[in-house]
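Notes for the one structure printed next.
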Amino acid sequence: MVAVPRDVSRPVTPAERAASAAGPLRTAAIAGYALAALAVVVGYWLTRGRELFDTQDGFGYWLGIAGASLMATLLLYPLRKRVRFMHGLGATRHWFRMHMVFGVLGPVLILYHCNFSLGSLNDTVALVCTLLVAGSGLVGRYVYAKVHVDLDGHRATLEQLSENARITAVQRREAVALVPGLIERLTAYDAIVLTPPTSTFAAVLLPLKLAAKTRFEAFRLSWFARRQLRLLAQRSDIVHEQRAELRHSITRFIREHLKRVRRVAELGSYERLFSIWHVFHLPFFYMLVVAALIHVLAVHMY
């Protein structure tokens, strides 16, 4: 008779509990991005062949002022991190969220200000720089989440991620009892995935490669586990009665383990991407500041 374990998945860590608690905020962020995208689509549709606002007077003018002001406040977040007297002005995560909200809302207001069209050379440069900053900021937000454990700027470490990905003795014992051969297959796959890339180009492409490879491996191992469980259920009434629950438990264990191992393998790649992102994002922002100042001067002088 085979003893049926309650669950082969790993106990939830404090970091994972914090990530779970951040679920509503993540949902709100996705909803905000969706609303911003909808506002852009609707605005583009409304301005086809006509101008909604006068860019130099009235509401259209103040849309430009509001958008430019929001973009200017983006400087507060890096200042909050680097200027000593600002360290006590609220938690870093709140500044980061403000940075992201204003970095999306500002360009949307500016698009409405310019009626979703290009103007003079200076207007075009200012608009393109605004969109480059907004686009690179969204990319940076994604990469930031891959190298930090929270929005307060605490970086993930290889040791912490490796510890989370380690298979415990309890998990090993229960998996061996239910699915013989599963641990050996996981161990072999881990050794392949955790082999460091041989070049910078390979490291940059590694997240894309693992995105497909991990999903395929999860499907393959889950199918193997279901087949083994089916054979075991033929010899054990207890396993037969709880087969659906055990299948769900083992499938979740496989997916969570592969996800953790993938995070370990990708950390170095995302750290390189984050460094590369900084090289491009900051010049885009400086270009935006210069172009915006010239644009404002040109509008008020001529």
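Laboratory data are not the source of any read-out in this text; all were calculated from the coordinates shown. Predicted model, so just to flag it, every value in this text is computed and none were measured. Reconstructed Cβ throughout: ideal geometry from the backbone, glycine too, with neighbour counts over all protein chains shown.
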For segment 97-107, take each phi angle, set θ = phi - 60°, evaluate the Karplus expression 6.51 cos²θ - 1.76 cosθ + 1.60, and give the result in whole Hz per residue in order, putting x for glycine and proline.
5, 4, 4, 6, 4, 5, x, 9, 5, x, x
For a quick check: with amide H placed at 1.01 Å from N, whose amide H comes under 5 Å from His148's, ignoring anything fewer than 5 positions away on the same chain?
Ala156
Within the chain, longest stretch clear of exposed trypsin sites (Lys or Arg not before Pro) (DSSP loop, no more than 16 other Cβ within 10 Å)
51-165
Run the simple label-point estimate for Glu245 and Ala145 please: 7 Å along Cα→C-beta, distance reported in nm.
3.4 nm
Listed candidates [x] 0.99; [y] 0.92; [z] 1.11 - label of the one calculated as Rg/Rh (Cα atoms, Kirkwood Rh):
[z]
Angle check, please: helix 23-46 long axis (alpha carbons) against the longest principal axis of the chain (alpha carbons), in degrees 0 to 90, nearest 10.
40 degrees
Hey, any idea what the orientation-averaged projected area of the convex hull of segment 97-209's Cα atoms comes to, in nm²?
11.6 nm²
Need the list of lysines near Lys209 for cross-linking: C-alpha distance under 27 angstrom, and skip anything on the same chain fewer than eight residues off.
Lys146, Lys259
Nearest 10 degrees is fine. How inclined is helix 182-193 to the longest principal axis of the chain, computing both from alpha carbons?
40 degrees
Short version: what are the Cα gyration tensor semi-axes of segment 167-272, square root of 5 times each eigenvalue, largest first, in whole Å?
32, 12, 10
Give me, ordered by chain and number, the residues 5 or more places off Gly119 or on other chains with an amide H under 5 Å from its own placed amide H.
Thr124
Phi to ³J(HN,Hα) by Karplus 6.51 cos²θ - 1.76 cosθ + 1.60 over segment 212-224, Hz, x for Gly, Pro
7, 5, 5, 5, 5, 5, 4, 5, 5, 6, 5, 5, 4
Rounding to the nearest 10 and keeping the result within 0 to 90°, find how far the Cα-based axis of helix 58-72 lies from the longest principal axis of the chain.
50 degrees
Which ³J(HN,Hα) values in Hz, rounded to whole numbers, follow from the phi angles of segment 88-95 under the Karplus curve 6.51 cos²θ - 1.76 cosθ + 1.60, where θ = phi - 60° and Gly and Pro get x?
x, 8, x, 6, 4, 5, 5, 5
